[in-house]
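Data block below; observations after.
The values are calculated or read from the model by the stated rules, or taken from the named source; none is laboratory data. Predicted model, so just to flag it, every value in this text is computed and none were measured. No Cβ is skipped: glycine too gets one built from the backbone with ideal geometry, and neighbour counts run over all protein chains shown. These accessible areas exclude ligands, DNA and RNA; they are computed on the full protein's heavy atoms, side chains included. Shrake-Rupley method; radii C 1.70, N 1.55, O 1.52, S 1.80 Å.
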Amino acid sequence: MRLIRYFRRQHWDQERTREIEAHLAHEVDDNLDRGMSPEEAQRRAYLRLGSATRIREQIWTMNSFSGIEALVRDLRHGCRQLVRSRWFTLTSVLTIGLGIGSIAAIFGILDAVLIEPLPFAQPDRLVAIRTVPNDRASMPTIQDWQRRSSSFQSIAAYRNWSLEIRTPLGSGGSVIEVSQNFLSTLGASVEVGHDFVQTGNERDCFQQVVLSGRLWKQLGGGTDLRGRTIELDRRTFRVAGVLPIAQTIEGPFALDHPDIFVPIGCDPNVRVAERGDTDFLVIGRLHPGISIGAATADLKHAAATLQKDYPRMYGGGGIYGHPPKILPWLTVVTGTSTGPSLFVAFGACGLLLLIACANLANLMLARNVRRRHEFAVRATLGAGTRQLLRQLLAENAMLVIVGSLTGVLLASGVIRILREARALRVPRLEHASISVPVLLFVVSVASIVVIFVTLLSARRTLHSGLLRDLAGHGRSSDSGSLRRTGRILVAAQIAVSTVLVACASWTVASVYTLLHQPLGFNPDNLLMVGVDIQHSSALPAYNAVQAASFYRAAVDTLGHLPGITSVAATKNPPLGFAVNQYDFCSDDHVDQCANPTVVAPDSYDITNGYFTTVGQTLLEGRDFTEGDNSGAPVVIVNHVLAEREWPGKSAIGHRIRTGELNGWATVVGVVGNVHSYSLEAAPGPDLYLPLTYAPPTHMVFLLRTADDPGAHLEMVRRLIQSQHRDLLFFHLRTMRQEMSNELELRTFLMQVAVVFGALSLALSILGVYGLLAYEVSLRRKEVGIRIALGSSQREIVQLVLRQESRWVIGGAALGLIAAMVSGYALQAQVYGVRENSLTVLGGSLVLLMVPALIAIAVPANQVAQSDPMQALRTD
């Protein structure tokens with residue numbers, strides 16, 4: 001009832017007025033009955049009843065929420081104050097909106113990518129099992145891990161499958177091959193139909209598929225699966241089940257939003273029983289209560305027992321020469337570098353918010369000093385410190401609320417742009433939004449900002465000497481304390497900005513170094529076109545001679561296209577990640593052939609002219625020739641492998657044994673090293689074999705062009721399809737695009753760091769300028785006296801620079817120390833931090849010190865040019 005009366009105060013006040021007037025009229029009538037005159041009766045009634053206004057206020061106080069009324073009154077007063085100071089309000093709102101908006105946007109992405117649980121049953125028990133070096137295992141190995149370890153409820157296998165897909169709506173979708181227990185291991189539920197039957201024999205196919213909810217919706221949906229089929233590689237598969245739309249499967253390699261799940265046994269080319277066929281990625285579900293550490297120890301024990309049973313396969317130099325490692329499934333889905341990169345960006349946003357708070361506090365301090373007279377008047381009229389503090393809190397709350405709303409709108413726009421434009425390929429990014437957790441986070445941050453700014457500004461403006469300000473004596477009493485507080489805030493801003501600018505410079509230097517480092521080949525004007533000829537008219541059934549003939553003919557045809565200078569083909573292009581490895585030994589280490597103890601080199605199948613096309617240097621010996629296709633096996637090695645096997649000697653003429661050939665081959669050439677896996681990984685041992693020895697069913701054509709390689713892509717595709725329209729294409733991009741894709745997350749982090757570094761630099765310089773502009777305005781009388789006593793304009797500027805630059809230099813020195821610590825922490829995430837440290841730190845100091853000193857000199861020069869008589873007269 002009290003709350004209702006509060007919101008209807010005007011009506012309630014009118015009713016109380018009528019009641020008081022009725023009481024007054026009744027009292028007047030009683031006095032008239034006693035024989036008093038009308039004037040005396042009315043006077044006695046007023047004396048007996050008292051002030052009607054005071055009575056109404058007393059009744060209202062007893063029957064209302066005084067706290068709510070005071071809060072509303074303070075908010076109204078705060079709104080009026082903010083409206084009067086439009087420029088201050090606009091600057092403050094933009095400052096706090098920028099700080100809160102940036103940290104809200106990053107937190108929204110962080111929440112969607114790393115915090116929000118995966119849409120499966122008990123996702124915390126999901127792990128990935130990875131082997132060294134290619135992360136893959138064979139089906140017998142996976143089954144042995146399951147049987148010989150007790151930590152896993154189930155272990156499943158999966159891999160990508162490139163084939164022709166035809167649905168009732170046409171071609172489309174992506175396919176992965178999975179073991180029969182894959183969906184149950186993942187914890188995915190089947191919304192329509194059923195999961196695969198688990199027979200225990202992975203050779204079984206059943207001609208069944210399970211579809212994603214997204215593809216099922218495109219096909220018309222429904223709950224009746226009778227007669228619903230799709231065609232894969234000209235074979236008909238029955239739809240056995242459908243996953244819910246919400247259960248989107250994401251991750252690297254094969255798990256990039258797959259639409260069709262097929263049992264492994266449906267692929268006729270999969271050798272399920274071959275222990276050396278390491279084609280499958282592995283996912284496991286731990287038993288309840290089993291930690292990753294315990295599961296790792298258990299799996300190492302299982303690997304040790306396998307080594308005893310299969311010493312050649314699982315020994316130190318075999319394809320399983322290292323024990324498997326276990327990673328949380330969320331880490332695999334998001335990528336090992338995504339989490340640290342997002343946390344680095346989140347830290348940068350936090351530092352930017354600190355700078356924004358320092359700027360806001362400086363603005364508040366300067367504004368509240370101008371309002372000392374107002375506070376003194378209110379204190380004289382009876383307002384206590386608590387009331388004045390409440391008033392400041394209300395004003396600051398209104399300011400931060402508006403700034404936070406602005407920041408939320410800014411964050412929402414940034415997230416929407418990143419999500420819709422696909423500017424960042426981060427898994428689960430499409431789930432990012434301004435959700436309830438993000439809003440709660442913003443409310444928490446905004447509350448902390450309000451409390452911090454209010455307490456800091458109130459401590460320096462609401463003091464026991466307020467009454468002296470009424471007489472004008474308080475203006476200089478606390479000026480020293482105020483200036484120290486402002487300078488400390490400026491020094492803190494400079495320190496934080498030094499860290500952000502240094503981190504931004506390190507990320508820029510990292511990306512630049514990675515893109516411009518010696519790669520061992522020439523990535524410019526290099527186009528890649530991958531072709532899969534399996535089950536096509538070019539290769540209906542596998543035939544080595546026919547496959548090699550197709551590739552040679554395609555290379556010859558593509559080489560005659562206008563604008564193409566050279567063409568070659570390889571199974572694994574540079575920076576292609578997946579590279580084959582086989583048993584290996586050399587003639588100088590024959591003992592390793594029986595018991596290998598070293599890591600096998602990466603093996604590349606290439607056509608003639610490959611080294612010329614990619615720009616890889618031939619250091620010694622010769623390239624492959626047409627005669628190598630029919631003579632004794634030959635091989636070319638890179639410099640790393642040559643130095644490892646025959647240090648200090650020429651590798652030409654030596655022999656190696658590789659499992660790919662199941663025999664010996666003679667080394668005829670040595671080439672330079674290239675980055676095989678990534679731009680950051682150092683080149684490893686590589687060997688190259690002529691394509692005709694074991695031609696694969698899929699290859700990547702590399703085309704060196706005279707101009708923009710992207711302009712030739714469609715022409716190359718049409719030429720290849722003109723002969724075989726059922727070929728499948730992949731890897732369609734330039735080498736520069738491949739490099740950019742690899743550095744996409746780092747480039748995004750670089751852009752974020754550059755933006756935040758620039759914003760922090762701008763905010764810090766504005767903070768320095770704003771504080772100094774206000775401070776020199778307080779020193780006009782002092783400057784006027786100095787000028788009147790003979791000081792020159794140059795001396796005044798030097799004096800201010802000397803006094804104020806100490807705080808800037810101190811903040812920069814503190815920031816330099818913090819930047820060094822940050823650089824040490826960034827070494828694991830940012831490439832080349834140690835090599836670029838001196839350049840980055842020196843450049844960061846220059847970027848900060850020069851504009852900061854200019855920001856000090858400008859207001860100092862302005863006050864030095866003022867008329868001293870006018871300054872003295874004004875004060």
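Using a probe of 1.4 Å on the protein chains alone, the accessible area found for E645 is around 10 Å². The HN-Hα couplings worked out from phi for segment 558-568 by the Karplus form 6.51 cos²θ - 1.76 cosθ + 1.60 (θ = phi - 60°) are 5, x, 8, 5, x, x, 9, 8, 7, 9, 8 Hz, whole numbers, x standing for Gly and Pro.
Multiply the residue separation of R203 and E714 by 0.36 nm, subtract the distance between their alpha-carbon atoms, and state the gained length in nm to one decimal.
Details: separation 511, 0.36 × 511 = 183.96 nm, distance 3.91 nm.
Between R203 and E714, full extension yields 180.0 nm more.
Among R18, R136, R390, the sequence by solvent-accessible area, most first, with a 1.4 Å probe is R18, R390, R136. Each residue, Q14 and T839, gets one label point 7 Å from its Cα in the Cβ direction; the gap between the two is 7.8 nm.
Spin-label model, D556/L32: points 7 Å from Cα along the beta carbon direction are separated by 12.9 nm.
Residues whose amide H falls under 5 Å from that of A569, counting only those 5 or more places apart or on a different chain, are T607, L702, with hydrogens built in the peptide plane.
With r defined as the distance between the Cβ atoms of D588 and E620 and R0 fixed at 22 Å, what FRET efficiency is calculated, to the nearest 0.05? Walk me through the intermediate numbers first.
Values: r = 17 Å, r/R0 = 0.76.
With R0 = 22 Å, the Cβ-Cβ based efficiency is 0.85.
Taking Lys and Arg as +1 and Asp and Glu as -1, the other residues whose beta-carbon sits under 13 Å from that of G810 total +2. Contact order for segment 575-701, expressed relative to its length and based on alpha carbon pairs under 8 Å spaced 6+ residues apart, stands at 36 percent.
A 1.4 Å probe, protein heavy atoms only, puts the accessible area of L439 near 80 Å². Excluding same-chain neighbours fewer than eight residues apart, the lysines reachable from K308 by a Cα-Cα span under 27 Å are K300, K325.
With R₀ fixed at 56 Å, the C-beta to C-beta distance from L114 to Y46 puts the FRET efficiency at about 0.15.
Under 5 Å between amide hydrogens, built in the peptide plane, is the criterion, and for V634 it picks out T666 among residues at least 5 positions away or on other chains.
Heavy-atom accessible surface of T565, to the nearest 10 Å², is about 90 Å², with a 1.4 Å probe and all protein chains retained.
Computed FRET efficiency, Cβ-Cβ of I817 and E430, R0 41 Å: what is it to the nearest 0.05? Could the numbers behind the result be given before it?
Numbers: r = 41 Å, r/R0 = 1.00.
Rounded to the nearest 0.05, the efficiency is 0.50.
Using 0.36 nm per residue of separation minus the Cα-Cα distance, give me the extension gain between H724 and S189 in nm, one decimal.
Numbers: separation 535, 0.36 × 535 = 192.60 nm, distance 3.99 nm.
Extra length available between H724 and S189 comes to 188.6 nm.
The Cα center of segment 678-756 and the Cα center of segment 640-669 differ in position by 28 Å.
Label-to-label distance, M849 versus N522, with points set 7 angstrom from Cα along the beta-carbon direction: 4.4 nm.
Restricting to segment 570-683, compute how many DSSP beta bridges are antiparallel as a %, nearest 5. Kindly include the intermediate steps, with their values, before the conclusion.
On the way: 13 of 18 bridges.
The antiparallel fraction comes to roughly 70 percent.
Taking the Cβ of W646 as the centre, find all other residues whose Cβ is under 13 Å away and add up their charges (Lys, Arg: +1; Asp, Glu: -1).
On the way: positive: R644, K649, R655; negative: D587, D588, E620, E643, E645.
So the surrounding residues net to -2.
Report the full-extension gain for the segment S447 to K308: residue separation times 0.36 nm, less the Cα-Cα distance, to one decimal in nm.
Between S447 and K308, full extension yields an extra 43.8 nm.
Across the protein chains, with a 1.4 Å probe defining accessible surface, the residues H589, H712, H516 rank H516, H589, H712 from largest area downward. Scalar couplings 3J(HN,Hα) for segment 355-364, obtained by applying the Karplus form with A = 6.51, B = -1.76, C = 1.60 to θ = phi - 60°, are 5, 4, 5, 5, 4, 5, 5, 4, 4, 5 Hz; x denotes Gly and Pro.
Could you list the residues of segment 174-195 with an amide nitrogen less than 17 Å from a label point located 7 Å from the Cα of K217 in the Cα-to-C-beta direction? Label zone hits: 174, 189-192.
Mind running the shape call on segment 179-252? Use the C-alpha gyration tensor, a ≥ b ≥ c as the square roots of the eigenvalues: rounded below 1.5 for a/c, prolate if a/b tops b/c, oblate otherwise. Oblate is the answer for segment 179-252, as a/c is 1.5 or above yet b/c matches or exceeds a/b.
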